[in-house]
Amino acid sequence: MWNLGLGKYRTMVISIALFLLFDLGVLVMNFFISSEISSDAANVNIVGRQRMLTQRMAKASLQIESRVIAGQSYRDLMMELDRASAVYDQTLMAYINGGTVPGTGSGDFVVKRIDDEKAQKMLADAQEQWAPYRDAIQAFVRSDAPTLEQAMDVARNSEVVNVWLLTLMNDLTTRVEELAASKATVLRTVQLTGMLLATINFLIIMFHFIRHLRRSDQALERAHRETDDILRTTQEGLFLLDADGRVGSQQSRALAGILGVQVPPGSDFLDILRPLVTPKVFDTAREYIDLLLRHEVREKLVAGLNPLDSVEITVTRGPGMVETRFLQFRFNRVMEGEVVTHLLVTTNDISRRVRLERDLRESEVRAQGQMSVLLQILGVEPHLLQDFLRNASEGLNLINQQLELQPAPGENLLTKVNAIFRIAHRIKGDAAAVGLESVAQSFHGLEDMLSGMRERGDLVGEDFLPVAVRMKALFSEIETIHNVLTRMAQMRGVVTVEPARPKTEPSAVANPIVRQWISYAKQLAERHGKQVDLVYQGMDVSDLHPVQREAVSSIVNQFVRNALVHGIERPEDRKARGKAESGRLAVYVANWGENGIEVSFRDDGQGIDQAKLRAAVVRSGRMNEEEVGTVDMRRLVSFIFEPGISTRETADEDAGRGAGLDAVRDLVRKLGGQIRIGMTTGEYCHFRVQLPPVHESLVSVPAITSQEAAA
Amino acid sequence: MKLMIVDDSNIIRSKIARALGKHGLEIAALASNGQEAVRCFTTVRPDLVTMDLTMPNMDGIECIRRLRQINPDVRVLVVSALADKATAIAALKEGAQGFLHKPFTEDDLTEAMDELLGVRNG
Amino acid sequence: MDEEQLRCFVDIVQHYFANQGGKAAEVGSPYLADPEALPMLDVTGVIGISGARQGCIYVTAGRELLRNLLLYVGETDLSDANLADMAGEMANTISGNARTHFGPEFMISVPLVVQGRAQGFQMPKGVKAYVIPMRWHKFEASLVVSLV
């Protein structure tokens, strides 16, 4: 019931109402008691008049007596006596019983019975004294011919009574004054109490409201301070726009810095915007602000149309210095109920973000450029590409090792630059050789960077930062090509790219030559603590021309030996690499008729260890270390067919003297054929030998002797 | 809630219809240009319209103006690939309540539609 | 793009040492390393990055370096907990500074302190990370940045 919408002011209203009520009470009491007091004052006068009347009656009685004696007229005195006694009587009776008496001035005066025991006692005494006196006066006055005796009686009576009455009336006057005085005391007490209550009330109001006011002031101040803090520290430019597009009085400190111009409160935002943006953007911005302020649209659903979401502006910084930056203005409605009263504008410098996005787009363009890399890849011989990739990643790792090697204090970093340069140069050569033009370009870029460093001299570690960044890009470039190749290899599993393999004839596997390969493989495997299975597919070898048969038999034996010695790993190593413990040798021979025959030999061993091969080439004295470091992949692998090159550091009966594959090469050459190698380090090694059809003139070819085979 | 889809692309129409049909709206009409839209509008009386801007036979802005004359309470979502923001703003000033940029995902569309319906629901 | 960011991180670390240790660290030759071969010294402070780029950045240092850094700032309590605090503080500073250098697209996590080689955090897989060796007085530290 108190809830009259007064809210937090309820207490104040109640307090003030109470205050007024006290005041009103005091006023009413004051009025009431004051009127009592004024009537008491009249009482005192009237009681005083009784004393005067007593005197006057006594005086008149005595004068009448002397006039009667002197025989003079006393009519006037008689009338006065009559009048005085009547007033006196009326007054006395009025005080005893209440009634009206003639006032001391004009008009009558209402006298209330005096409710006071003492006063009544006095009045009763007076009445007792008065009654015979009055009767005597009455009798004297009413008689037609008053006698001297009567006059003397009245005079004597008056002499006696007068003293008594005077005394009594004196006492009464005093009493009445006392009563009046006590009322005045009550009045003072009431006034005092009222004032006290009002004061207390006032204090309560004061205390209560000052506390409240202070509290809300503090809250306000705190809020104000927080707003100030926010506006002072936020990195965003914040301000309000009113419905007329004017800038509000509060704004964040960052605003002027972001915009590059001051934004005075009360200024027109569009005036500030106009010089910063193009006319088209300006017009759209004006329309957009109007849309938000005055049209019934969903704020969220139009945010995409904000033309100031990303604007490029040019900011002047000092004389002659300009800076281009990207700003973002966001507009949010400030609502009061259903009405949009303001727009909150948030401004950000998004230059960094925009530039990052731009970089990202550029890198996408670069990625499209990678498509052309893909096309280049398709043009490269697969095994060459494999070799190149292996070489390149090896080279990159070498460069990274160079980087990782921390220089001793004071060491000249140029040696590091030179070492990296040499390796980069070699890979660049390889890339160009296999036809990967874009990769060659990338390494060329690294070379350029290094040349620059070489010229500058006086290098510190930090100068290699761009090299590391470039290296990461090169690693991922090589990796990308590798991934593409892997994908293509997977696709080959689905789509047949190679020519179909010839059907395996049942008799083929049982051929003695094939059985000899199998047992030779098993025998070597046992000797080297390895496990192996040889699988044969293809034509029946016995159908070959004897010359070819001999040659194929020798060649495969050499490959078997090479595979078991160098390629196939020990069972525990294979297991560790996730391969089957038993190695697999896949041999097939196909007769392409006019195109001669093809021998394919594939092992799933570790491939050719290029580092060891380089070392072997150096050991053989064919190249020095520097030369072997820059030699390209194709040339390097060709060394395995050269005499005296073996990656085994110590020779044993099966390998190490570098003979074997060179014998194969010689044999194939004699027969006019070709050898190709494909391999992936850690995965496989694949030899493909093509031999032309045998001409009858060529009757016999010396096969590789068993002694040579064992060499 | 009855929805009318106005777009000159058949693919877009069916994409919107599929997404918003799944979202619980009744697809009341499909129109491929402004004239068709105005004709359908009077008979079907949809509550919601998705509106392309560049169409043959009366463009989207003119169409929105006509539709609002017929029913001022209709909610219109402009769905356009328009790069020119000024034109889109002009369309919104004709009385559309929101704008969705093409290309959009199904989620973009349903979110925009929920936001648009929020006008009515409070 | 990488280079600018790397320089930024190097500068932040340099600045930290110059400010807190009275002398900037010498930056060694930066190199690349696979996730499994990254240097991890005694105490490592890591911050994670998400947003436009993802990954993490860490500073790893030996106890001796941290001890001396503590001594330099006048701290006498050289307990492991305090050393970890120091590394955390370092990562915190890097994270804080990075926040101001990179936009909101570059979200930076609260730093994490790891002791020893315990792998409490994930490096992006299959990505080579930048390792920037540093030397402060004669003590080694490394800044590792791995972002995808």
Exercise. How many residues, within segment A:442-461, are more than 45 Å from the chain's Cα centre (by Cα), assigned to a loop (DSSP other than H, G, I, E, B) and either touching a residue at least 24 places away in the same chain (Cβ under 8 Å) or not assigned by TED's automatic domain parsing to the domain that holds residue A:407 (or both)?
Worked result: 1
For this session: Hey, could you check segment A:287-312 for residues that are in contact with a strand residue (DSSP E or B) (Cβ under 6 Å, 6 or more places away or on another chain) and facing chain B (nearest Cβ under 7 Å) and say which is nearest to residue B:109 (Cα to Cα)?
Result: A:301
Exercise. Is it true that some residue in segment A:124-135 is over 30 Å from residue A:41 (Cα atoms) and exposed (fewer than 14 other Cβ atoms within 10 Å of the Cβ)?
Worked result: yes
For this session: Check segment A:452-466 and report whether any residue there is surrounded by fewer than 21 Cβ atoms within 10 Å (Cβ to Cβ), more than 14 Å from chain C (Cβ to nearest Cβ) and closer than 26 Å to residue A:377 by Cβ.
Result: no
Exercise. For residue B:76, which of the numbered conditions (1) β-branched (Val, Ile, Thr); (2) free of Cβ contacts under 8 Å to residues at least 24 places away in the same chain; (3) outside any helix (DSSP H, G or I) fails to hold?
Worked result: (2)
Exercise. Between a first residue in segment C:72-89 that is among the acidic types (Asp, Glu) and a second residue that is assigned to a helix (DSSP H, G or I), which pairs have beta carbons less than 7 Å apart while being 6 or more apart in sequence or on different chains?
Worked result: C:75/C:82
Seminar exercise, completed: Checking A:252, A:267 in turn, the sole residue that is exposed (fewer than 14 other Cβ atoms within 10 Å of the Cβ) and of a type in the set (S, T, N, Q) turns out to be A:267
Seminar exercise, completed: The residue that is surrounded by the fewest Cβ atoms within 10 Å (Cβ to Cβ), considering only those in segment C:54-68 that are modelled with pLDDT under 85 and either over 23 Å from residue A:464 (Cα atoms) or away from chain A (no Cβ under 14 Å) (or both), is C:54
For this session: Give the residue that is nearest to the other protein chains (Cβ to nearest Cβ), with candidates limited to residues of segment C:1-43 that are within 17 Å of residue C:96 (Cα to Cα) and of a type in the set (Val, Ile, Thr).
Result: C:10
Exercise. Do we find that residue B:113 is farther than 18 Å from residue A:295 by Cα and either within 13 Å of chain A (Cβ to nearest Cβ) or touching a residue at least 60 places away in the same chain (Cβ under 8 Å) (or both) in this structure?
Worked result: yes
Problem set entry | Given (1) in contact (Cβ under 8 Å) with a residue 24 or more places away in the chain; (2) assigned to a loop (DSSP other than H, G, I, E, B), index of the condition residue A:623 fails | (1)
Seminar exercise, completed: Per the filter on segment B:67-89, residues at pLDDT below 90 and facing chain A (nearest Cβ under 8 Å) are B:85, B:86, B:88
Exercise. Among A:182, A:267, which is the only one that is over 30 Å from the mean Cα position of the chain (by Cα) and at pLDDT 90 or above?
Worked result: A:267
For this session: Evaluate the following for residue C:59: is it farther than 30 Å from residue A:393 by Cβ and of a type outside the set (S, T, N, Q)?
Result: no
Problem set entry | Flag if residue B:31 is away from chain A (no Cβ under 11 Å), touching a residue at least 24 places away in the same chain (Cβ under 8 Å) and either under 11 Å from the mean Cα position of the chain (by Cα) or surrounded by fewer than 18 Cβ atoms within 10 Å (Cβ to Cβ) (or both) | yes
Problem set entry | Candidate set from segment B:40-66 (those that are over 14 Å from the mean Cα position of the chain (by Cα) and either within 14 Å of chain A (Cβ to nearest Cβ) or modelled with pLDDT under 90 (or both)); member that is surrounded by the most Cβ atoms within 10 Å (Cβ to Cβ) | B:58
For this session: Identify the residue in segment A:403-418 that is more than 8 Å from every other protein chain (Cβ to nearest Cβ) and hydrophobic (A, V, I, L, M, F, W, C) and, among all such residues, is surrounded by the fewest Cβ atoms within 10 Å (Cβ to Cβ).
Result: A:408
For this session: Give segment A:6-38 a look and list any residue that's touching a residue at least 24 places away in the same chain (Cβ under 8 Å), of a type in the set (Gly, Ala, Ser) and over 30 Å from residue A:111 (Cβ atoms), or say none.
Result: A:15
Exercise. Taking segment A:394-413, which residues are in a helix (DSSP H, G or I) and touching an Asp or Glu at 6+ places or on another chain (Cβ under 9 Å)?
Worked result: A:395
For this session: Could you tell me which numbered condition residue A:393 fails, if it satisfies all but one of (1) crowded, with 21+ Cβ neighbours inside 10 Å; (2) more than 10 Å from chain C (Cβ to nearest Cβ); (3) touching a Phe, Trp or Tyr at 6+ places or on another chain (Cβ under 8 Å)?
Result: (1)
Seminar exercise, completed: Note: among A:531, A:548, A:523, just one is at pLDDT 85 or above, within 21 Å of residue A:665 (Cα to Cα) and in the same structural domain as residue A:691 (by TED's automatic domain parsing), namely A:548
For this session: Would you check if there is a residue in segment A:123-138 being closer than 25 Å to residue A:31 by Cβ, free of Cβ contacts under 8 Å to residues at least 12 places away in the same chain and out of contact with any Pro (no Cβ under 6 Å at 6 or more places or on another chain)?
Result: no
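The values are calculated or read from the model by the stated rules, or taken from the named source; none is laboratory data. Treat the numbers as computed from the prediction; the structure is a model and nothing was measured. Cβ atoms come from the backbone with ideal geometry, glycine included; neighbour counts cover every protein chain shown.
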